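A short write-up of the structure that comes next.
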Amino acid sequence: MSVIWDNSGNIYSVRILLPVTHSGLFPKLDCGRLRGRFNNGVSAFKGVPSAAPPFGANRLRPPQPIEPWECVRDAFEFGPKSPQVAYPA
């Protein structure tokens, strides 16, 4: 896994390199297994969490580890967008 940080020390991008072929789209991570898609020679895993959600006790704290999951987690779609304050008119 590689993490790219911005100048403020915030995570900008996370890249996880997984050895996957079209016959086995169920790579095992420390937190559980993923189900992705294979199309035109490219394996895609979307919406994979890199840290616990920043709510409750995790608010305004450094990234915390994610809770492991038991079953195979679908990674077909990107997750929800971050909440944004409306731009003043």
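None of the figures in this text is laboratory data; all of them are computed from the coordinates on show. These numbers come from a predicted model, not from an experiment. Ideal geometry is used to build each Cβ from the backbone, glycine not excepted, and the neighbour counts take in all protein chains shown.
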Per-region count, segment 34-47, residues part of a loop (DSSP other than H, G, I, E, B), touching a residue at least 12 places away in the same chain (Cβ under 8 Å) and either closer than 18 Å to P83 by Cα or over 14 Å from the mean Cα position of the chain (by Cα) (or both): 1
Identity of the residue in segment 39-89, of a type in the set (D, E) and touching a strand residue (DSSP E or B) at 6+ places or on another chain (Cβ under 9 Å), that ends up surrounded by the fewest Cβ atoms within 10 Å (Cβ to Cβ): E70
Residue match in segment 74-83 (condition: of a type in the set (S, T, N, Q) and in a loop (DSSP other than H, G, I, E, B)): yes
